[in-house]
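Here is the structure we will look at.
Throughout, read-outs are computed from the coordinates displayed, never taken from laboratory work. Everything quoted here is computed from the prediction, not taken from an experiment. So basically every Cβ, Gly included, is an ideal-geometry build from the backbone, and we count neighbours across all protein chains shown.
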Amino acid sequence: MNIGELNTTARALVAKNRGILAADESSSTIKKRFDTIKLESTEENRRAYREMLFTAPGAQRYISGVILYDETLRQKTKDGVAFPQYLAKAGIIPGIKVDLGAKPLPGFPGETITEGLDGLRERFAEYHRLGARFAKWRAVINIDSGVPSRYAIDANAEALARYAALAQEAGIVPIVEPEVLMDGAHLLERCEEVTNVVLGSVFNHLSAARVVLEGIILKPNMVIPGKKSPDQATPERIAEATVRTLKRQVPAAVPGIAFLSGGQSPTDATLHLNLMHAAGPLPWGLTFSYGRALQEDALNAWGGKPGGFAGGQQALAKRAKLNGLAAAGEYKAAMESAAA
Ligand code: 13P
C-alpha cells in the first residue's frame, strides 16, 4: 500500500469545484430508472446511457470521479474505448461499486447487512488492472421504531472497515458509505442522533481495522428529516445539523466527504451542499457523490432516444456545474434558471 498515492487520489476526488458522479446502479436499480422513461434495460441501452453521461462536454470540468458498476467498467464507448480509459484520459478518476447489496439481517426484522467480502481481495486486484482507483461499499441503516439496533450498526460498520482495509491493500481508495435512509416519518433530531451513532461506530471500526484515514473518502447521508416527517426543516437547519454531526464524528485526517443524495430533489441536494460551506472553513473537502440528484434531469431529457443525447448531456452539464459551484459555496438559487 502506498499511502501517499491513496491520499493523492482521495484529495483529487474532492478538489475544488469538483465532485463524484455515482453511476454505479446495479442491473436491478438501473431497470427501475429506465422504467420511469419506459425504456427496456438492455446491455446496449445501459451502455448508451452511460456514454451519454460520461462524454457530456460541459460536465467533465466539475466531475472528479465516476463510480461504475462491474458491467460498465468492462464496456466501451461507441468508438471502442473502454470506459475507464476514456474517463482517465478526460481527467476523471474511474471508480467501482464492489458491494453485492444490502440483504436482510437474520433475526433483525427491517434491518440489512451488506454482502460482498468473500473473494473481494481477488476482485480488487482485477478492478485495479481494469483501471479503477477508488471503490464504493454502501451500508444501509433504516430508521423505524426500535430500529436501527446496535448490532446492525456495528455489523455494518465492521463490514465497511474490512472492505476499506482490502481496498487500501490493493491501492484503491475506499469510499465508505454508511447511508441512514430518509424513508419514514422521523424528525431531523432522530436522524441526527442515529447518524452520530453510526459514524461513531464506523470510525471505531476503521481504526480497529488499521485503515489509514488519509486514504479514504466518507460518503454520508445529510442530516435530514424523514420524507414523511410532519416537520420538514429548513435548508439552513439541515446544513447546520449536518456540519455539526460531521465535525463531531469525522477526524480531520479524512481528506474528503462526498454526500449521497438519497432521494432529495436535485435542487435541494445542491442548495444543502452550498449552505454547508456558508459557515466558514471546514477541516475536510466537502462535496457531492450524487446518483439520482445528478442524473434525474439528464435521464428525462435523454429519454432513451438518440435525438435526446445532446439534451441529456446539457442537463447533466448544468447540474454538475451547479453542484461544482455548491461544493465551494459559490452557488446561488438564481443560477437554476440560467442555461448551463
Ligand atoms: P443517490 O445520490 O441517488 O443516493 O446515490 C448515491 C449512491 O451512490 C448511493 O449508493
For THR55, what is the net charge nearby, where nearby means another residue's Cβ is under 13 Å from its Cβ and Lys, Arg count +1, Asp, Glu -1? +3
If you place +1 on the Cβ of every Lys and Arg, -1 on the Cβ of every Asp and Glu, and leave all else neutral, what size is the dipole of the chain about its Cα centre, to the nearest 20 Debye? 820
Just report the Cα centroid separation between region 30-72 and region 95-146, whole Å. 21
Length-normalised contact order of the chain in % [C-alpha pairs under 8 Å, at least 6 apart]: 21
Return the lysines within reach of LYS32: Cα separation strictly under 21 angstrom, same-chain partners fewer than 8 residues apart disregarded; answer none if there are no such residues. LYS97, LYS103, LYS136, LYS227, LYS305
Proxy reagent accessibility, fewest Cβ within 10 Å first, across GLU236, GLU25: GLU236, GLU25
Connecting C-alpha atoms closer than 10 Å in a GNM of the chain, tell me which of ALA298, ALA233, ALA56 has the biggest fluctuation. ALA233
Can you list residues from other chains, or at least 5 along the same chain, whose modelled amide H is less than 5 Å from the amide H of PHE288? ILE20, PHE259
Using a Gaussian network model of the chain whose springs link C-alpha atoms within less than 10 Å, name the residue from THR29, THR77, THR270 with the highest mean-square fluctuation. THR29
Specify which residue in the list LEU199, SER229, ALA165 is farthest towards the positive end of the charge dipole of region 120-261, using unit charges on the beta carbon of Lys, Arg (+1) and Asp, Glu (-1), about the Cα centre. ALA165
Quick one: among ARG292, ARG11, ARG129, which has the greatest mean-square fluctuation in a GNM of the chain with alpha-carbon springs under 10 angstrom? ARG129
Charge dipole (debye, nearest 20) of region 1-156; +1 at Cβ of Lys and Arg, -1 at Cβ of Asp and Glu: 640
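Taking the Cα centre of region 269-338 as origin, sum charge times position over the Cβ atoms of Lys and Arg (+1) and Asp and Glu (-1), and report the length of that vector in debye to the nearest 20. Can you show the working numbers first?
Working: 6 positive and 4 negative charges, 24 e Å.
The dipole of region 269-338 has a size of about 120 debye.
Counting other Cβ atoms within 10 Å, keep those with at most 11, restrict to DSSP loop, and tell me which trypsin sites (Lys or Arg not before Pro) in region 178-276 are left. Spell out each step's value before the answer.
Working: sites: ARG190, ARG210, LYS227, LYS228, ARG237, ARG244, LYS247, ARG248; in loops: ARG210, LYS227, LYS228.
Those that pass, being in a loop and sparsely packed, are ARG210, LYS228.
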Theoretical ellipticity at 222 nm over the chain - DSSP helices of four or more residues, -39500 (n - 2.57) apiece, nearest 500: -13500 deg cm²/dmol
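Lys and Arg at +1, Asp and Glu at -1: add these up for the other residues within a Cβ distance under 14 Å of ALA326 and post the number.
That works out to +3.
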